[in-house]
Amino acid sequence: MIQSQPIAPNGPVFSQLVYGTWRVLDDPPTANAPDLLRRLHQCLDLGITTIDTAEIYGLYRVEEFIGETLRLDPGLRSRLQIVTKCGIYVPCDFHPERKTAFYQADAARIVKSAEKSLRLMGIDHIDLLLVHRPDWLTPADETAAGLNKLLKDGKIRAAGVSNYNVHQFDLLNSRMDQPLVTNQIEFSLLHMDPIYDGTGDQCQRLGIRPMAWSPLAKGELMNATNPASARIHAKCAELSAKYDGATVDQLAYAWILAHPSRPLPVIGTNKLDRLCATARAAQIQLEREDWYALWTAAKGHGIP
Ligand SMILES: NC(=O)c1ccc[n+]([C@@H]2O[C@H](COP(=O)([O-])OP(=O)(O)OC[C@H]3O[C@@H](n4cnc5c(N)ncnc54)[C@H](OP(=O)(O)O)[C@@H]3O)[C@@H](O)[C@H]2O)c1
């Protein structure tokens, strides 16, 4: 059973693995509300109680789809923690007037987007709202003003960011009435930047846990024609017996979970068997040499 713990000091309690909804409308297993409802119940059975979504997912359609799903089971919302994001605006059917994609994280836009997310999902609060990407044109005070207002009004329980570098995080955090509780970042065996760029260290310093998106590198880690993935597969084949027959995806999750910042991976698969396998990966404790052996396989060379 997946454990739940606070994501930050005084922060909301989230499950160690988070169910991602980016692809739910693309895949037959979850593309209609009764199927997504069944999938959310399967997540709960595994102890996965936190779901991740965003205003932009499904070109602005996924939040509404989640709302349709929640309406099928009125008791479900109180058993879930809902994370959503705002701030990315792209040309789409709803907004043909937009000629180019842009980020926008001023106070009015953040409040408007969060209120839209509440309305579309049919919920009275968001457990965690993330600014999806840093908006290079908006002063941090403006972004903080929007998040602080939503916190004060009880529309969001916690605020965080996604894809911020350490300086952007520190700046925004310095303007918050209530500290940011996470940075949702890309982190996997094929994307190790958080180990080197200070993000993982910043999270440890602040006692907050990052959320790791695309933990299987958007599926590329499972593609053995990718040379780095092929090396990882070979190493996983060697390690598998030692970890009770663990598969590549399970060892890749265990590799993320072993990082001292204690990341919360955001799961991307829409296949039930893969979801269940992921849940079992949370039990794997990778030994030091094996963690470094996977690093070495991914890089194609030894440590410096
Ligand atoms: N904050 C951000 O900027 C950001 C960006 C991207 C994503 N996210 C979040 O992170 C979540 C996960 O991202 P992601 O979907 O890219 O995750 P991922 O796990 O890295 O990739 C998922 C892809 O890998 C495939 N896959 C998974 N397990 C597999 C296996 N054992 N063998 C072969 N293929 C496998 C899946 O196909 P199947 O479905 O067929 O298994 C799917 O196409 C998203 O849902 C979203 O919530 C956040």
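In the condition set (1) within 16 Å of the ligand (Cβ to nearest atom); (2) exposed (fewer than 14 other Cβ atoms within 10 Å of the Cβ), Lys242 is compliant with all but (1). Selection of the stretch 146-157 for residues being open to solvent by 10 Å² or more (accessible area, probe 1.4 Å) and closer than 10 Å to Asp177 by Cβ yields Asn148, Lys149, Leu151, Lys152. Considering the stretch 202-229, and only residues there that are among the charged types (D, E, K, R) and touching a helix residue (DSSP H, G or I) at 6+ places or on another chain (Cβ under 8 Å), the residue that is most open to solvent (accessible area, probe 1.4 Å) turns out to be Glu220. Being within 15 Å of the ligand (Cβ to nearest atom) and without any contact (Cβ under 8 Å) to a residue 40 or more places away in the chain is a condition met by at least one residue of the stretch 75-93. Among the conditions (1) surrounded by fewer than 23 Cβ atoms within 10 Å (Cβ to Cβ); (2) over 22 Å from Gly11 (Cα atoms), the only one that Ile232 does not satisfy is (1). Summed over the stretch 34-74, the residues that are away from the ligand (no atom under 15 Å from the Cβ) and basic (Lys, Arg) give a count of 2. Cβ-Cβ distances below 6 Å connect the following pairs, each with a first residue in the stretch 16-33 that is under 12 Å from Ile66 (Cβ atoms) and more than 9 Å from the ligand (Cβ to nearest atom), a second residue that is open to solvent by 40 Å² or more (accessible area, probe 1.4 Å) and charged (D, E, K, R), and a separation of six or more residues or different chains: Ala33/Glu68. Given the condition more than 9 Å from the ligand (Cβ to nearest atom), out of contact with any strand residue (DSSP E or B) (no Cβ under 7 Å at 6 or more places or on another chain), of a type in the set (Val, Ile, Thr) and over 28 Å from Ser174 (Cβ atoms), answer yes or no: does some residue in the stretch 267-275 qualify? No, because not a single residue in the stretch 267-275 is more than 9 Å from the ligand (Cβ to nearest atom), out of contact with any strand residue (DSSP E or B) (no Cβ under 7 Å at 6 or more places or on another chain), of a type in the set (Val, Ile, Thr) and over 28 Å from Ser174 (Cβ atoms).
Tallying residues that are surrounded by fewer than 23 Cβ atoms within 10 Å (Cβ to Cβ), within 26 Å of Leu137 (Cβ to Cβ) and β-branched (Val, Ile, Thr) within the stretch 180-198 yields 0. Can you find even one residue in the stretch 117-134 that is more than 21 Å from Phe65 (Cα to Cα) and open to solvent by 20 Å² or more (accessible area, probe 1.4 Å)? For the stretch 117-134, residues more than 21 Å from Phe65 (Cα to Cα) and open to solvent by 20 Å² or more (accessible area, probe 1.4 Å): present.
Inspection of the stretch 249-262 finds a residue satisfying the criterion of being β-branched (Val, Ile, Thr) and touching a Pro at 6+ places or on another chain (Cβ under 6 Å). Quick check on my filter: what residues within the stretch 182-228 are away from the ligand (no atom under 15 Å from the Cβ), free of Cβ contacts under 8 Å to residues at least 60 places away in the same chain and among the small types (Gly, Ala, Ser)? Scanning the stretch 182-228 gives a single hit, Gly198. Based on what the data block shows, is Asp177 surrounded by fewer than 17 Cβ atoms within 10 Å (Cβ to Cβ) and under 19 Å from the mean Cα position of the chain (by Cα)? When the stated conditions are applied, Asp177 does not pass them. The set of residues in the stretch 231-278 being part of a helix (DSSP H, G or I), small (Gly, Ala, Ser) and in contact (Cβ under 8 Å) with a residue 40 or more places away in the chain consists of Ala234, Ala252.
The values are calculated or read from the model by the stated rules, or taken from the named source; none is laboratory data. As the structure is a prediction and not an experimental result, all values here were calculated from the model. Neighbour counts run over all protein chains shown; Cβ positions are idealised from the backbone, glycine included. Just so you know, the surface numbers come from the protein's heavy atoms only, side chains and all, with ligands and any DNA or RNA stripped out. Shrake-Rupley method; radii C 1.70, N 1.55, O 1.52, S 1.80 Å.
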